[in-house]
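> Encoded as structure tokens, here's the structure I'll be asking about.
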């Protein structure tokens, strides 16, 4: 099999949750543990850092990877989903895994892993762990896929656990209240392993984390308390942060929630220093200022074009899109155009309630089975005073928005990571 044939095999034989939804979801660690035994537990050959939470996991993971790389470590980075190429999920020092490695992995180990019937995520996670071991990384930053307690990645024994925040998402799997969701996310907290909580949230959520940490003797740090002398100001070129030990820290990421991610990451850096990591202050500055170049991160309030200005962002639930809506209100433009689509298992109404009524909408659907029909989306949106036309593909919606927009207008593309994934190739 060549690379395209190998990807087709992975997508069809090990269905990807992100593309088809619940039919591909396999909760529990049994498959992961069996796979891990086949490959002789490769993640034990290097240090790991585990990053969970509802939103901000990707930005936090990439920032940490950039900082550690600038500190002289050889760094593995495992994240999901990918946007343009599957190989974005598996990086070493910012470089994606070679196509040949993906092909050879499937060819070499197919007879061993097929009897286990792993999910796409379980198998690609193990591919990443093995690749990191073969590349002899010093440390790997591992992003949780879904939840925490039963997530495939929860077989690692990390030096540090990070939980960015708690919001409503994947309620059919994680629970219908924030404390229930927090309990699932808290499942990555390990005995005697420090844990950083990015956003404390509700008192009940904080109690869930505190109780879990105390039950396993894990030192817990809430970044909002630990880093209380933290000030953030957002400008055209990114964020400027002021924090104890890090004055005038420039952040390259421009997204509306990157101040929260930054405080989480700075807290994590301090905890890692306490555990013996060597992270020079200059590495923190370089990592924040060059994270996109260092790691290849995409889709976070990313500007795709100017005149008219086109922005995309992968925020896909009410917790994340609330920040996007606030940022859109602060932007300067003559007319706002929004290319928008969602997947069919999200709380659509809670998202639509956040969106601006004075925008022109281009309702569309991504090229995945989970995509919500654009006509159904437009019908629901009308109930919230949101109006526009429907398009059966992201490319046709983007084309229409560009044709309708004047040079001083703003086009926003989002609602789902898959909408952004379909849009990015149009601009690359």
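> Expressed as a fraction of 2.2 N^0.38 Å, the rule-of-thumb size for a compact globular protein of N residues, what is the C-alpha radius of gyration of region 302-426?
0.93
> How long is the gain from residue 347 to residue 203 if the chain were fully straight, where each residue apart is worth 0.36 nm and the alpha carbon distance is subtracted? Mind showing how you got there, number by number?
Working: separation 144, 0.36 × 144 = 51.84 nm, distance 2.37 nm.
Fully extending the segment from residue 347 to residue 203 adds 49.5 nm.
> Quick one: 244, 36, fewest Cβ neighbours within 10 Å first, how do they rank?
Exposure proxy ranking, most exposed first: 244, 36.
> A further question follows. How big is the antiparallel share of DSSP beta bridges in the chain, given as a percent to the nearest 5? Mind dumping the intermediate values first?
Numbers: 19 of 54 bridges.
Bridges in the chain that DSSP calls antiparallel: roughly 35 percent.
> Across region 147-302, how large is the tail of the calculated P(r) beyond 25 Å, expressed as a percent of all Cα pairs? Each step should come with its number before you reach the end.
Working: 4158 of 12090 pairs.
Roughly 34 percent, rounded to a whole number.
> Moving on. What is the fewest-to-most order of 177, 364, 203 by other Cβ atoms lying within 10 Å of their Cβ?
Numbers: 177 14, 364 33, 203 9.
Listing 177, 364, 203 from fewest to most nearby Cβ atoms yields 203, 177, 364.
> If the chain between residue 214 and residue 281 were fully stretched, how many nm would it gain, using 0.36 nm times the residue separation less the Cα-Cα distance?
21.0 nm
> Also: Cα-based Rg (one decimal) and Dmax (whole number) for region 3-295, in Å?
18.4, 55
> Among bridges DSSP assigns within region 1-140, what percent are antiparallel (round to 5)?
Values: 5 of 9 bridges.
So the antiparallel bridges amount to about 55 percent of the total.
> While we're here: Starting from the Cα of residue 250, step 7 Å along the direction of its Cβ; do the same at residue 290; then give the gap between the two resulting points in nm.
In this crude spin-label approximation the distance works out to 1.2 nm.
> Taking R0 as 56 Å, what's the FRET efficiency between residue 426 and residue 111 from their Cβ-Cβ distance, rounded to 0.05?
Working: r = 40 Å, r/R0 = 0.72.
The computed FRET efficiency comes out at 0.90.
> Per the helix-only calculation at 222 nm, which mean residue ellipticity applies to the chain, given -39500 (n - 2.57) for every DSSP H run of n ≥ 4 and division by its residues, nearest 500 deg cm²/dmol?
-11500 deg cm²/dmol
> Between residue 2 and residue 136, what FRET efficiency follows from the Cβ-Cβ distance if R0 is 22 Å, with the result rounded to 0.05?
Computed FRET efficiency for residue 2 and residue 136 comes out at 0.20.
> Which of rounded, prolate or oblate describes region 30-75 when judged by the alpha-carbon gyration tensor and an a/c cut-off of 1.5?
Oblate is the answer for region 30-75, as a/c is 1.5 or above yet b/c matches or exceeds a/b.
> OK, next. Roughly how far apart, in whole Å, are the Cα centres of region 297-355 and region 226-289?
If you average the Cα positions of each part, the centres end up 24 Å apart.
> Which whole-number percentage describes the relative contact order of the chain, with Cα contacts under 8 Å and a sequence gap of 6 or more?
Reported relative contact order: 16 percent.
> Distance from a point 7 Å along Cα→Cβ of residue 389 to each backbone N in region 295-322: keep the residues under 20 Å and list them by number.
Hits in region 295-322 for residue 389 at 20 Å: 308-311.
We did not get these values from a lab; they are worked out from the coordinates using the rules stated. Source: prediction; values computed, not measured. When we count neighbours, we look across all protein chains shown, and the Cβ atoms used for this are built from the backbone with ideal geometry, even at glycine.
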